Ligand SMILES: NC(=O)c1ccc[n+]([C@@H]2O[C@H](COP(=O)([O-])OP(=O)(O)OC[C@H]3O[C@@H](n4cnc5c(N)ncnc54)[C@H](OP(=O)(O)O)[C@@H]3O)[C@@H](O)[C@H]2O)c1
């Protein structure tokens, strides 16, 4: 089973500010949509609230101890129970990937079970209040990398890189 992180982070590891993304990167949002469509996505309650609705054409899992139920999403009181349930769901439905989509709490909670990283490195140093954990990439193998340039739809240059964990 692949358990991945899909995350956009600045040079100083910022991923969020005021419960929102710190940038507009339309092309990266298209990449996010394409990568996650038809997969199980797991997110923290704050990320769910920031998005504001279950994402269509994906199986939405939300981790929260304060919200019991969300129409169109499955809610779990612990990260472990969400991941375990997602594994069972994938096996039953012939799916092979669980995508953790944030935020900071969920990325930290799932780092030890994650075996794939899809990192969007946004070329900026920026103020924020939520950070991606520091990762020692010596245990990871880069599989591919694509560069994108700042333009009218994208606030900064960015690179999307995929890594797989070395066993
Ligand atoms: N740049 C990116 O790629 C990216 C991706 C996603 C999010 N973000 C940003 O990240 C920020 C949100 O991240 P965040 O770290 O503040 O919050 P988060 O991880 O989205 O959600 C935190 C909440 O999840 C629940 N939770 C997390 N771990 C739990 C556990 N082990 N057991 C039970 N519940 C748990 C708790 O909800 P309850 O309080 O309800 O119990 C907790 O308050 C926003 O700014 C968002 O825009 C950025």
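Counting only residues that are under 21 Å from residue 87 (Cα atoms) and touching a residue at least 24 places away in the same chain (Cβ under 8 Å), how many does the stretch 48-73 have? Final tally of qualifying residues: 5. Over 20 Å from residue 158 (Cα atoms), within 7 Å of the ligand (Cβ to nearest atom) and either modelled with pLDDT of 95 or more or assigned to a helix (DSSP H, G or I) (or both): does that describe residue 66? So residue 66 fits the description; yes. State whether one or more residues within the stretch 137-157 are surrounded by 13 or more Cβ atoms within 10 Å (Cβ to Cβ), in contact with a strand residue (DSSP E or B) (Cβ under 9 Å, 6 or more places away or on another chain) and closer than 19 Å to residue 103 by Cβ. Within the stretch 137-157, none of the residues are surrounded by 13 or more Cβ atoms within 10 Å (Cβ to Cβ), in contact with a strand residue (DSSP E or B) (Cβ under 9 Å, 6 or more places away or on another chain) and closer than 19 Å to residue 103 by Cβ. Can you name the residue in the stretch 105-118 that is within 9 Å of the ligand (Cβ to nearest atom) and surrounded by 21 or more Cβ atoms within 10 Å (Cβ to Cβ) and is also nearest to residue 5 (Cα to Cα) among such residues? So the residue we want is 107.
Report whether or not residue 87 is under 14 Å from the mean Cα position of the chain (by Cα) and surrounded by 13 or more Cβ atoms within 10 Å (Cβ to Cβ).
For residue 87, the condition - under 14 Å from the mean Cα position of the chain (by Cα) and surrounded by 13 or more Cβ atoms within 10 Å (Cβ to Cβ) - is not met.
State whether the residues of the stretch 87-99 include one that is under 15 Å from residue 7 (Cα atoms), outside any helix (DSSP H, G or I) and either touching a helix residue (DSSP H, G or I) at 6+ places or on another chain (Cβ under 9 Å) or away from the ligand (no atom under 14 Å from the Cβ) (or both). Looking through the stretch 87-99, at least one residue is under 15 Å from residue 7 (Cα atoms), outside any helix (DSSP H, G or I) and either touching a helix residue (DSSP H, G or I) at 6+ places or on another chain (Cβ under 9 Å) or away from the ligand (no atom under 14 Å from the Cβ) (or both).
The values are calculated or read from the model by the stated rules, or taken from the named source; none is laboratory data. Everything numeric here is computed off the predicted structure, so don't read it as measured data. When we count neighbours, we look across all protein chains shown, and the Cβ atoms used for this are built from the backbone with ideal geometry, even at glycine.
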